[in-house]
Structures are given as C-alpha cells and as structure tokens.
Amino acid sequence: MELTLWTYEGPPHVGAMRIAASMQGVHYVLHAPQGDTYADLLFTMIERRDQRPPVTYTTFQARDLGGDTAELVKRSIRDAADRFQPQALLVGESCTAELIQDQPGALAQGMNLPMPVVSLELPAYSKKENWGAAETFYQLIRTLLKPQLPPAGLSKPDPKRWQEQGRRPRVNLLGPSLLGFRCRDDVREVRVLLDELGIDTHVVAPLGASPEDLRRIPQAEANICLYPEVADSSCRWLERQFGMPTVSTVPIGIGATEMFCRELQELLGLEPTSQGSGQSRMPWYSRSVDSTYLTGKRVFIFADATHAIAAARIASRELGFEVVGLGSYSREQARAVRAAAEELGLAALISDNYLEVEAAMAEAAPELVLGTQMERHSAKRLGIPCAVISSPLHVQDVPARYAPQMGWEGANVIFDSWVHPLMMGLEEHLIGMFRHDFEFVDGHMSHKGEKPPGPEAADPITLAAEANGVDEAELLRWAPSGQAELSRIPFFVRGKVKRNTESYAQERGIINITDEVLYEAKAHFSR
Amino acid sequence: MPDAFFLVVGSRTCAHLIQSAAGVMIFAEPRFGTAILGERDLAGLADANEELDRVVADLLQRRPEIRTLFLVGSCPSEVIKLDLSKAAERLNQQHRGRVQVVNYSGSGIETTFTQGEDQALTALVPLMPQSTTPQLLLVGTLADGVEERFLTLFERLGIGPVASLPPRRSTELPAVGPGTKLLLTQPFLGQTARALQAKGAELISSPYPLGVEGSELWFRAAARAFGISDEHTTSVLEPLVTRGRAALEPHRKALEGKRLFLLPDSQMELALGRFLQRECGMELVEVGTPYLDRALQQEELDLLPADVQLSEGQNVEEQLQRVRQSHPDLVVCGMGLANPLEAEGITTKWSIELVFSPIHGCDQAGDLAELFARPLRRRGALTFA
C-alpha cells in the first residue's frame, strides 16, 4: 500500500485509452464501473478533443456484482461492435473488473465478431499508464500483422532497397500519441525534417493511424522510435519478426537532431548533407551575449525518460546550464536515465513519489526546474521558476500555437520556453541597483504576477531541523546587524543567501550571525 | 472542514481520478490522499489492514493538524471486501484523543459523485451528540458566504438556534435529537436525512433553495415549522424576492423560449430544471438524473410540468442520440461530454460548476441564471467572419 496524492501516470487501462483515442477505426470496450468514466475528460478537456474517446464502458454497478456481469460485458461488446463498426476492437478491464475476473477478452474472442479482436491484459495493481499504452500498441500491431509474418529463416530486408526500386526511402514514426508531450507538433516537425533529407514519412502511429495503416508498417525501410515509452516494445518486435531496423535517437535538441539525421542517412545509404542546424536560431541565441547570464544556472530535471534525457543534454551542452538533479518516473527506461545522469556526475532519481522529487528539488537548490505539471506545483511552492517539458499535462501544455520539441524549430521553442521563466541578465543587475526602490520592497508583485516566495518557503535547513525535532533557533541566531543586512537583499535571492549563510555558519560553529558573517559566506559561495 | 482529511483506500485509478477529474482539488490538496492497493495487498502477502495502519500513522505524523480522518472506500476495496468500518474502529483506538476516524464508501460502483457527500455526512451522524433542545439543522455543504447570509436571514425570521452539518470545524459537530428540525440544502442527501431522522430529528420538506421561488419556499417551509407568522415571514422575504426577480430579468431575456436538455450528472437536475423552466422561461426537452430519490424530490416533481420527460440512470450513447435528435439550445452535462457536444454545434454548461459555485438563495438567483445564459451569450458574441 502506497500513500499518494498525485500520480505521474494513470492506471494501465488509461494507456490503452490513449492508443484507442489516438487512432481512427479502433474501439475499446472497457469492463469498468461508472466511476471510471472520468477518463473521458482527459481527452475532451486536457487535449480539447472534439469527440469522446472511442470507449464503451460496461458501467457495472454494485447491484450487478451478485448477478451476471459477464452477460453485461457481452452485451456491451455486441452493442459497441454494432454501433461503431470499428476495424479493430480492443477489449479489456480496469482495476475493479480485474478483481471480479469476468475475462472480457476471452468472452469477446468467443463471440465471432466480424473484426479483429485484441484482448488486453493490463495488470492494474502492478503496471501503469505508459506500460499499458506500450502493451496495447504492441498487441494491436502483433494481431494485425500476424498474417504477414515472414517465414522463419528469410533474410532481413535491405534498408537500402529503395535505391533499386526507384523511389525515395520511407520510414515509420512510431510512438506519438494523445496526452504525450507536444506529439501533434513533433510529428509535423519530424515530417518536414525527413522530407528535407529526401525521406518519405510512411506510417505515423498510433496518432492518426487506422488499423489499415498499421498493416502497411512493414513496407517501410525502418522505424523511428520517437517515444520509447510507447513504441519501444513494438519496435523491438518489428525488428525481430520483420527485420526492420529501429532508429532510436530522439531528435530533441540541436546535437540530438544532428545525430538523428546522420543515423538515418547512414542506415538508408543516403549522402550525408551539410549540417542542418543552421536552420535553427537556437545555437546563435545561446551564443549571443545576452545569454551569458545563463552560464552555470543550476537546473533540476524530472520528466518521462525521453524528455528528461533530452533536457539534460540540451541544458548541459547547448545552454551552458549546470544540471544539479536528473530523474524520471519511467521505471521501464530507468537504465537510460541512469546512464545520462552518470555522464553528468549525478545519481539519477527514479521515483514515482512526487514528494520525494520535491525534497530532492529543495535539496538541490536549483535556479530553474524543468519538469512535469507536478514539478511545476512543487517549484511554485519553493519559489523556483519552472518550465514544463513532459507529461503529465495540464490543458495549458496543449497550446494553440505550433510548439514542437523536436527538430530545428523544437530547439527554438525550447530556448524560449526555458529561458523566459528566468530573469534576464541586465535585469538582474538593474534590480540590484534599484533594490531599495518601492518596486522591490517585500510583497511587491512583479510584472510576472507571481508572489515572491514566503520567507520560509524554500528552506530545507529549517525543514530538516524540524524533522529532527531540533529547534534551529537554539543553534543559530541572527544578530541585528546580520538581520539588517539580510533584509537589504532582494527577496528573490534572500532565501538562498539566508540558507547559504546559515550552512556556512553551522559548518564553522558560528552561532551569532552578524553582517560580517553574511559577507564572509557570500565570498565563500561566490562562483 | 479544513481540519478533516479524506483518505481514499483504492487503486491507482482512484488517485488518477482525483487529480484529473478534479483539477480544482489542487487547492484542497492538503485534504485528500489515496492509499493505493498494490499486488501484495491483494495477494495477501501483506496484510492490507496492517498496511493501512502504517499508512495512516505516516499520514498523521506528517499532518498533525488533522482532527477527523475519513477512510473512503472505493470500488476495489468494496470488491475485495476490505472492512473499513473495522479499520476505523481499530484506528480510533490507536489514535484516541488525537483524531476521530470514520469511514464511508465513495465507490464508483454506486450511482454518482454527489452521493459521496451524502455518504460522508452520514458517517458523521453517529458521532453527533444527542440533545432535545429545539434547533434548526442545515444539512449539506454551502459556500461560506451563502451560509453566513442564510444564518442572518434565519435570525431575521426569528428562527434559532441554527446549526450546520458539516460544521466548519470537524470536531464541533452539532447535536441532534427530537427537538431538531432538518432543512436540506441539497437534494442528494437522502441517507444523511434518514440517519438524522433515526436520531429523532424531523425533516422539513421543501423544494431546494435554488432560484428565487425555490429559496422563498425553502425559507417559508422553515418558518412554518418554527411557527413564525406568515406576515412576518413575508415582510422579511418580500424585499429579497423583489430584488432577486429584478436580478433575474436580464438573464430571463436570454434564456426565455430556449430548449434545455439536462443530462444526468449531479442529482441537482430536477431543481435546476424547475428553476430554469418556471423562472427563466426555458422549455424542458428532457430532465435526466442519475438517481431519483422520490422521498426527497417530491416537492420538486410537483413544480415541474406534468408532461416533463424524465429519465433516470446513465446510458451515455442512448442519451447522446436523444440530444442529437432533439437538438436543444443548451445541454447541461458532465465535463467529459462538453467539448464533443460544442464541436457538434450544441451549446453546453458543465454541471460540476454548479456544485462548486455559490448558487443557493434569492440573492444568488441572478448569478445562477447567468451561469446558463453565459454560454448562449458567448455563442452569440463570437464571430470569425
């Protein structure tokens, strides 16, 4: 039993809904009580979808439990098949239905339905949303491609075969789905990128694909695994069964996009082209003099694996930040996140407990947080600027404008959205210069409309001391001169200065913090 | 009840529901949590009861300000028959003097979300002290401002003392007994009402205080039960009624003659339909409610047109088909259906907003009507030509 309020991922049947709702011509019959129908609004509200997800809930009630819920399942399956006439039918159950063991998948298999039926077994008490999405996508592909399985022993198709066939090479984009971060725009950006390389985008799935489209997957030379959280297991299976190579570099950031292009060109036997990064403004913006103030900014990153790894690379190499924390809730991809963290001399935080992440964030004392909606809340509480880089999403993370993360334009979007929450370089100095003016006194609202952090909001020392039952005030005392000096420091850095000074004093056994101690600490910590 | 905490004992779906379906709960974060059952709890490897004790001890250590802990049963906890009333008893022993622990079912295998309020209040009834002192007991949550206003009005009417369930502080539960007269603020509190009646309280039947008419009848019913003269009641209510009707007028113009379809969601549908038909001049295409408690809704039913199309229970596909066929001017529905209907050109109003907004009383009638007029006004105001 695990105590939580927020969860990074929903239950696995929500992952299955993401696949069904992303596709055309697929319907999902979900054996679930009325309470589970809340999941509709993930799609109609957060993604602002103009239609209900293609899901029929059996909505069994307490009074049905003694009776024949299996009959209810069969009736729901038949109704859904008649009403929606999908090209493929998914059948599964949610957490409660799993306990009553009606086995809706098996029931559906025995009903002689005119369309392929995929029975989903998604263990609700041990697995989560992304696993459910990946498993559903994989089972769907497997079921639909079974008739095309090449006989064993057949040699792998040559990814350079397009050259003899007098056509452009083609690849599939696998992984983009609803409720993924900026998938809609990433697909458009990667299509353009591929087109410029002379490559055709063959099938994009699950987003916008029909079962018929999935059947065309093997016609392409390779699969691009855009989001391993969703497409990794499918790509592996296609590699094993159809000999289709997988391109696994995710093109988020300048360096990764360059690598992605090179990997594709090599695989497909295309001539290497000159660097495409000239198409992005991001490298110049990052080199430009105004960005000097970004140097060494302390950044804390927590996201799904794909976006966390990409963010760490961009932050450390392309923006000159210092990554002070890196982690992910994607246990399935934990190994890759650990490797990325090790490269930066960090230990990755793999956790689905947002309180643990918040504690790590407070401990790392970053100047910028890159995270999910959960970290946005934590960062707000701690008074640290934050940019959202990954699911789980809020409606505001599905913007009306074109805002990809991938490719050249994605790099531009990332520069803007990560840098804007920070204070500009000159602004920082000017605020220092005018800090005694009325605009900067305590409690003044900045033009960004956010309140300054409360005095104790971001104070891990106080928190730690409380947790240990020790009254910090007994150990440390701020002398009037120290207090006066502290109050002259602008509110947005005061917490940090206070913290640094206290830890400096503590380490040296200083009990009385005077103005001199504050300045000694400042000199000690100045970078 | 800021000193109460609701701990759902359930699955990951429960936690996900709370965070997704109730984005508004962000503001109530300190008052909700889920104890997620894992495989080990189901397989019996870990004794679910021991695990629950551990989770509760953790929670209480972290949140010492909690005075009342609600253990909320869920679909999975009901199906595996985890006995939360026994658990509450045990935890009450363990944490005696610090916190009171009660339990109820918030399970999604029941009918609808407003049942949760009914169940939570029912769970508090056994803890209420017994008393024969005459009093008026307001039952059901109200916005703070509305509650204050109602208390002032009861004082003007000469009714008192007045107590509220739930109280602002969970530890200050009102007394109940033969002298208590109950006045419900919401139509979905059937179980709570029956539990209080079993303790000797007497239920005042009335339409619910939505709209000018409903609110006036509601106050009048209370005044009659307390033997207040009609002349005095009228002298108190008259100015409110006049003012309330004036506030309604501009919205009535926007709503009059428009066709309304209420999809089942909150159990407030009958009272809303009555208000919108009688006071705002709307035409009722269909009034759906997830569950119809005739004992509590008879007065509302009496005020609805005799030929009103009522439907009970939820079958979303069939209901949507009827919506499409009748093409109403306004549909009141849950959040999951609003955007799809808007995309089909059908104007909607989310019913969840009605549970969270101050809409009760004569003084709020104008605001209540405005909630329905706004989507229509907006549709009229937008143009992309």
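Residues are listed down the side, and each one gets a yes or a no for (1) of a type in the set (D, E, K, R); (2) crowded, with 23+ Cβ neighbours inside 10 Å:
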residue: A:K156; (1), (2): yes, no
residue: A:G175; (1), (2): no, yes
residue: A:R184; (1), (2): yes, no
residue: A:D195; (1), (2): yes, no
residue: A:P206; (1), (2): no, yes
residue: A:R215; (1), (2): yes, no
residue: A:P218; (1), (2): no, no
residue: A:R240; (1), (2): yes, no
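Being without any contact (Cβ under 8 Å) to a residue 60 or more places away in the chain and in contact with a strand residue (DSSP E or B) (Cβ under 6 Å, 6 or more places away or on another chain) narrows it down to one of A:S274, A:S316, so name that one.
On the way: A:S274 fails: in contact with a strand residue (DSSP E or B) (Cβ under 6 Å, 6 or more places away or on another chain).
Result: A:S316 is the single residue among A:S274, A:S316 that is without any contact (Cβ under 8 Å) to a residue 60 or more places away in the chain and in contact with a strand residue (DSSP E or B) (Cβ under 6 Å, 6 or more places away or on another chain).
Give, as residue ranges, the strands (runs of 3 or more DSSP E) completely inside the range A:159-270 that count at least 1 residues that are among the charged types (D, E, K, R) and outside the structural domain of A:A403 (by the TED database). Spell out how you get there, then give the answer.
Values: elements: A:170-174, A:200-205, A:222-225.
In the range A:159-270, the matching strands (runs of 3 or more DSSP E) lie at A:170-174, A:200-205.
Please give the number of the condition A:G15 fails out of (1) closer than 27 Å to A:Y329 by Cβ; (2) at the interface with another protein chain (Cβ under 10 Å from one of its Cβ atoms); (3) at pLDDT 95 or above.
(2)
Report the residue count in the range B:31-45 for those that are facing chain A (nearest Cβ under 7 Å), in contact with a helix residue (DSSP H, G or I) (Cβ under 9 Å, 6 or more places away or on another chain) and surrounded by fewer than 21 Cβ atoms within 10 Å (Cβ to Cβ).
Of the residues in that region, 3 qualify.
Restricting attention to the range A:90-147, which residues are hydrophobic (A, V, I, L, M, F, W, C) and within 12 Å of chain B (Cβ to nearest Cβ)?
Matches in the range A:90-147: A:C95, A:A97, A:L99, A:I100, A:L122, A:A124, A:W131.
Which of (1) at pLDDT below 90; (2) over 28 Å from A:E93 (Cα atoms); (3) touching an Asp or Glu at 6+ places or on another chain (Cβ under 7 Å) does B:A28 not meet, given it meets every other one?
Of everything listed in (1) at pLDDT below 90; (2) over 28 Å from A:E93 (Cα atoms); (3) touching an Asp or Glu at 6+ places or on another chain (Cβ under 7 Å), B:A28 misses just condition (3).
Of all residues in the range A:1-12 being more than 7 Å from chain B (Cβ to nearest Cβ) and touching a Gly at 6+ places or on another chain (Cβ under 9 Å), which is nearest to A:A134 (Cα to Cα)?
The extreme case among them is A:P12.
Could you list all residues from the range A:21-54 that are among the β-branched types (V, I, T), crowded, with 24+ Cβ neighbours inside 10 Å and either over 24 Å from the mean Cα position of the chain (by Cα) or modelled with pLDDT under 90 (or both)?
Residues satisfying the conditions are A:V26, A:V29.
Please name all residue pairs, on different chains or six or more residues apart, with Cβ atoms under 8 Å, provided the first residue is in the range B:310-325 and is closer than 17 Å to B:E269 by Cβ and more than 10 Å from every other protein chain (Cβ to nearest Cβ) and the second residue is of a type outside the set (A, V, I, L, M, F, W, C) and not in a strand (DSSP E or B).
B:S311/B:P264; B:S311/B:Q319; B:E312/B:P264; B:E312/B:P290; B:E312/B:Y291; B:Q319/B:P264
Got a sec? Which helices (runs of 4 or more DSSP H) wholly within the range B:76-162 have at least 3 residues that are in contact with a helix residue (DSSP H, G or I) (Cβ under 6 Å, 6 or more places away or on another chain) and away from every other protein chain (no Cβ under 14 Å)?
So the answer is B:115-124.
Of these, A:R49, A:R75, which one is more than 24 Å from A:A106 (Cα to Cα), assigned by the TED database to the domain that holds A:P116 and of a type outside the set (V, I, T)?
Exactly one residue qualifies, and that residue is A:R49.
Starting from residues that are in a helix (DSSP H, G or I) and under 11 Å from A:L326 (Cβ atoms), keep the ones in the range A:336-356 and report whichever is nearest to the chain's Cα centre (by Cα).
Checked the range A:336-356; the qualifying residue nearest to the chain's Cα centre (by Cα) is A:V337.
Does the range B:213-234 contain at least one residue that is part of a strand (DSSP E or B), charged (D, E, K, R) and in contact with a helix residue (DSSP H, G or I) (Cβ under 9 Å, 6 or more places away or on another chain)?
Among the residues of the range B:213-234, not one is part of a strand (DSSP E or B), charged (D, E, K, R) and in contact with a helix residue (DSSP H, G or I) (Cβ under 9 Å, 6 or more places away or on another chain), which makes the answer no.
Which one of the conditions (1) within 19 Å of B:G313 (Cα to Cα); (2) part of a helix (DSSP H, G or I); (3) at the interface with chain B (Cβ under 8 Å from one of its Cβ atoms) does A:T56 fail to meet, given that it meets all the rest?
Unmet for A:T56, out of (1) within 19 Å of B:G313 (Cα to Cα); (2) part of a helix (DSSP H, G or I); (3) at the interface with chain B (Cβ under 8 Å from one of its Cβ atoms): (2).
Within the range B:55-75, which residues are exposed (fewer than 13 other Cβ atoms within 10 Å of the Cβ) and either in a loop (DSSP other than H, G, I, E, B) or more than 13 Å from every other protein chain (Cβ to nearest Cβ) (or both)?
B:P64, B:E65
The values are calculated or read from the model by the stated rules, or taken from the named source; none is laboratory data. Everything quoted here is computed from the prediction, not taken from an experiment. Using ideal geometry, Cβ is built from the backbone for each residue, glycine included, and neighbour counts are taken over all protein chains shown.
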